[in-house]
Amino acid sequence: MSDYNWCHGTNCHTQQTQSRVRGSGTNKVLRTIKIKVDSEYIRQSIFSHFCNQRCLMDFLNVHKDRIVALAPRREALETPIKVVKEKYESYRYEHNNNGDYERMPYQATRTTIKSVDNDNG
Ligand SMILES: [Zn+2]
């Protein structure tokens, strides 16, 4: 198993960064980034195949149809939740007639999405 991957970004070799410059004299090129795969962390990561977010997105944009065909989604998935609304005392600052700010209390509403434990109904 190799200890590096070439970045799969479709335009990696066109990005003008010093880290991509290879060759000498008048024979210089921009080369695809070589990604060192030297830890379990990087091995598990999508970034073991892409040197940065731009290269990942370039690849996804070019190959999106084939990628989604790997696991097509033909209907929406749903997660049961409980939406809890609760009122609480908060405050905001408002201009008063003296040109100052004044701390004004008001009744705020907090909406929280809570998971539903399906085992307990
Ligand atoms: Zn890249």
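Derivation of every value follows stated rules applied to the coordinates shown; laboratory data play no part. Everything numeric here is computed off the predicted structure, so don't read it as measured data. We place every Cβ from the backbone using ideal geometry, glycine too, and count neighbours over all the protein chains shown.
Every residue in the stretch 43-62 that is exposed (fewer than 13 other Cβ atoms within 10 Å of the Cβ) and away from the ligand (no atom under 13 Å from the Cβ), please. Correct list: R43, Q44, N61.
In the stretch 19-40, the residues that are free of Cβ contacts under 8 Å to residues at least 24 places away in the same chain and within 16 Å of C7 (Cα to Cα) reach residues that are among the hydrophobic types (A, V, I, L, M, F, W, C) and assigned to a loop (DSSP other than H, G, I, E, B) with C-beta atoms within less than 7 angstrom, at least six apart or across chains, in these pairs: S19/I33; R20/I33.
Here T109 fulfils each of the conditions (1) in a loop (DSSP other than H, G, I, E, B); (2) of a type outside the set (A, V, I, L, M, F, W, C); (3) in contact (Cβ under 8 Å) with a residue 24 or more places away in the chain apart from (1).
When you scan the stretch 62-73, do you find a residue that is closer than 28 Å to Q16 by Cα and of a type in the set (D, E, K, R), even just one? There is at least one residue in the stretch 62-73 that is closer than 28 Å to Q16 by Cα and of a type in the set (D, E, K, R). For the stretch 1-32, filtered to residues that are part of a loop (DSSP other than H, G, I, E, B) and touching a helix residue (DSSP H, G or I) at 6+ places or on another chain (Cβ under 6 Å), the residue that is farthest from D58 (Cα to Cα) is R31.
Given the conditions (1) assigned to a helix (DSSP H, G or I); (2) aromatic (F, W, Y); (3) more than 18 Å from the chain's Cα centre (by Cα), which single one is not true for Y88? Status for Y88: all satisfied but (1).
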